[in-house]
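The values are calculated or read from the model by the stated rules, or taken from the named source; none is laboratory data. Everything numeric here is computed off the predicted structure, so don't read it as measured data. Glycine gets a Cβ as well: all are built from the backbone with ideal geometry, and neighbour counts include every protein chain shown. For the accessible areas, the whole protein counts, side chains as well, though only heavy atoms, and no ligand, DNA or RNA atoms are used. Shrake-Rupley method; radii C 1.70, N 1.55, O 1.52, S 1.80 Å.
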Amino acid sequence: MSARALDLGRRPAVTGRNSRRASRLGWTLISVLIGACVSIPLVTVVGHVFAEGNGNWTHLANTVLPGYVSNSLILMVGVGTLSTVLGVGTAWCVSTLAFPARKTLAWAQLLPLAVPSYILAYCYTDLLEFAGPVQTTIRTLFDLDPRHFGFPEIRSLGGAIVVLSLVLYPYTYLLTRAAFNNRSISALEAGRTLGCSTVAVFWRVALPLARPAILAGLALVLMETLADFGAVEYFGVATFTTGIFRTWFGLFDATAALQLSAVLLVFVVVLLALERYSRSQSRFHETSERVQNANLIPLTKGTRWLVCLLCALPVVLGFLIPALQLVWHASSRWAALFEPEFIGLVLNSVSLAATAALVILVPAALLVMAQRSQPNRLVQSAIRFSTSGYAIPGTVVALAVLIPFGAFDNAVDTAATRLFGVNTGLLLSGTLFTLIFAYSVRFLTAAFNTLESGLAQIKPSIEESAYTLGASKRRLLTAVYIPIMRGSVLTAILIVFVDTLKELPATLVLRPFNFNTLAVKTYELASDERLHEAALPALAIVAAGLIPVMLISKGIQRTERGVI
C-alpha cells in the first residue's frame, strides 16, 4: 500500500481526534465563561474589602456591627435548632410510625415552602399584635385589663425565629426523611434485637445514620436565614441584610455596604463548607445493601392521635392559618382582580419570572453538558463558582451587581461624550437586564441541580449505543436527551419561575422605575400597615409557590413507589 493511501487512511482518525479535542476545549471555555460572569458579585465584594469609602466603616464597626453579628448568630442558632427539631421529628414520625393521616401529613410538611417568610411575618403580625383579633378576643372573653394582659411582642427577635423556622424546617425535613427512608433496616433490626426501645433506636442508630443529611439540611436553613430580608426588616431586627440595605440607602455609602457584605460572606463560606462536608460524609453511612422501608411501628390509640397532632401542628401554623387569613382578607377585594393595577402586577411578575427562567435554563444546561462531556478540574471549579450564588443573599447580589454595571455605564457615557459629544445615559443600570442577571446569579443553582439529576437518568451506554447505530449529535439530542429530560427541564423552569416570583430584596433594589411586581407591592403595602390590601398579591404569590411544592411531593411519592 502506498504512503498516500496510508496517509488517507489516517486522516479520519486524526480529524476525529482533533474534533474531540476541540469539543473538550469548547466545553471548558463555556463553563469558565459562565463561572466568570456569575462570580462578578463575589469579585466586587472582595475587591471592596479594603477600599476607602465615605469614612463610615469605622463608625459602623464601632456601633452597629456588633449588633448585626450578635443578632445574626442568635437568629441562626434559634432558627437552626427549632427547624432541626421540627424537621427531624416530623421526618422520623412519618417514616417509621403508624398513625392516622400519615401519608397526607407526609407530603403536607412541604406546604410551608410555598409561603415566603415576609408574608408569614405579615400574617402573624396582623393576628397576634396588641390590637389584633387574637388578643382582642381573649381580653373580651375573659374581661382582662389591657394594661395587664398582652402577648410577647411578635415584632422581635423571638418572633423572627419562630416565623423563619416555620417556613424553613421543610428543608431539614426533606433531606432527613430521604435519609430515614433509605436507611439500612438491618441496623434498626439489630438495635431492636438487642433490646433497644423505639426511642433508643432513634437516638443510637437512626440519628447517627441520618447525621450527614441533617447537617446538609441545617446548612440550607442557616443560609436562608442569613439571606432573609423581608421578615427581619418588617420585625425591626437588625441583621446583616437590613444593615446593608440601610447603609446603602441611608448613609449612601456603597463601599461600607460592600464591606458589611464581606463580613456576611464569611458566615456564608463557613456554611458552604459545612454543607460540602456533610455531602462528602454521606456515602460512608450505609452498611448494608438491605435498604428499604421497614415495617411501621404500631402505637397505642392515644399516642397515635398525639403524634398526628404534633405532625399537623407545623403545617397548620406554617401554611393553613396564613393561607386562610389571606383568603379571608382578600375575599372583600375580589373585584381588584380585574383592576388594571393588579393585572399589571401579575403581567409584570409573570413575564419577568418566565423570562428569567428561560434565560437561566441556557447556562444551566450548558454547565450540565460541560460536566458530562468534560469533567476536568477546571470545569468542576467553574461549576462550583457558578452554583455558589444561591448562598449569597439577594441584598448582597443586588448591591454587588449594580456597582460594576453602574461603573460600566459611566465609563461608556464618559467615552461617548468625549469622542462623539453624545450622552448615552444608563445602558444597563436600572434595566431588566441587570435584574435578570442578578436572578441568574441567585437561582442558577436550582436549575443546574434539577437538570443534573435529569441527565443522570441517561446512562453513558445509551449514548454509545446511539453513536454505534450512526446517530448524529443532533439526532441524539432530539431522540434521546429531550424526551428523557423533558420533565427535568419543565421542573427547572417552574422552580426558577416561582423563586423569581418570590424574590424580594433584589427585585426591590434593581427593578426599573415604575415597574412593580407582586412581591414588591406586597412589601410596600405591608410596610404601610395596609395588610388587608396586601392580602391579594400575597395570596397570588402563595398560590404560585404551591406549584413546585406539588412537583416535589409527587416526585417523592414516585420515588418511594420505586418508579424512579
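Brief remarks follow.
- Top-ranked residue in region 498-539 [being among the acidic types (Asp, Glu) and either in a helix (DSSP H, G or I) or open to solvent by less than 30 Å² (accessible area, probe 1.4 Å) (or both); ranked as nearest to ALA356 (Cα to Cα)]: ASP499
- Output for region 147-178, where each listed residue is crowded, with 24+ Cβ neighbours inside 10 Å and at pLDDT below 90: LEU175, THR176, ARG177
- Scanning region 129-146 for residues that are over 19 Å from LEU313 (Cα atoms) and either open to solvent by 70 Å² or more (accessible area, probe 1.4 Å) or part of a helix (DSSP H, G or I) (or both) turns up PHE130, ALA131, PRO133, GLN135, THR136, THR137, ILE138, ARG139, THR140, LEU141, PHE142, ASP143.
- Residue in region 408-416 that is assigned to a helix (DSSP H, G or I), open to solvent by 70 Å² or more (accessible area, probe 1.4 Å) and of a type in the set (Val, Ile, Thr) present: no
Condition check ((1) under 22 Å from the mean Cα position of the chain (by Cα); (2) assigned to a loop (DSSP other than H, G, I, E, B); (3) surrounded by 16 or more Cβ atoms within 10 Å (Cβ to Cβ); (4) among the hydrophobic types (A, V, I, L, M, F, W, C)) across all residues:
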| residue | (1), (2), (3), (4) |
| --- | --- |
| PHE50 | no, yes, no, yes |
| GLY67 | no, no, no, no |
| SER70 | no, no, no, no |
| LEU73 | yes, no, no, yes |
| MET76 | yes, no, yes, yes |
| CYS93 | no, no, yes, yes |
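- SER429 meets each of the listed conditions (1) part of a helix (DSSP H, G or I); (2) touching a Phe, Trp or Tyr at 6+ places or on another chain (Cβ under 9 Å); (3) open to solvent by less than 40 Å² (accessible area, probe 1.4 Å); (4) not hydrophobic (A, V, I, L, M, F, W, C) apart from (1).
- Taken together, VAL397, VAL412 contain a single residue that is at pLDDT 90 or above and within 24 Å of ILE360 (Cβ to Cβ), which is VAL397.
- Screening PHE437 with (1) open to solvent by 30 Å² or more (accessible area, probe 1.4 Å); (2) without any contact (Cβ under 8 Å) to a residue 12 or more places away in the chain gives one miss only, at (2).
- Which listed residue, of THR424, THR387, is free of Cβ contacts under 8 Å to residues at least 24 places away in the same chain and hydroxyl-bearing (Ser, Thr, Tyr): THR424
- Candidates are the residues of region 306-322 that are open to solvent by less than 20 Å² (accessible area, probe 1.4 Å) and of a type in the set (A, V, I, L, M); the one that is nearest to the chain's Cα centre (by Cα) is VAL315.
- Index of the failed condition, LEU358 passing every other in (1) open to solvent by 20 Å² or more (accessible area, probe 1.4 Å); (2) under 26 Å from the mean Cα position of the chain (by Cα); (3) within 16 Å of LEU539 (Cα to Cα); (4) touching a residue at least 24 places away in the same chain (Cβ under 8 Å): (3)
- The conditions of being farther than 20 Å from ALA365 by Cα and within 18 Å of the chain's Cα centre (by Cα) are met by ALA544.
- VAL232 being open to solvent by 20 Å² or more (accessible area, probe 1.4 Å) and modelled with pLDDT of 90 or more: no
- If you go through region 228-279 and pick out every residue that is over 30 Å from THR125 (Cβ atoms) and assigned to a helix (DSSP H, G or I), you end up with 18.
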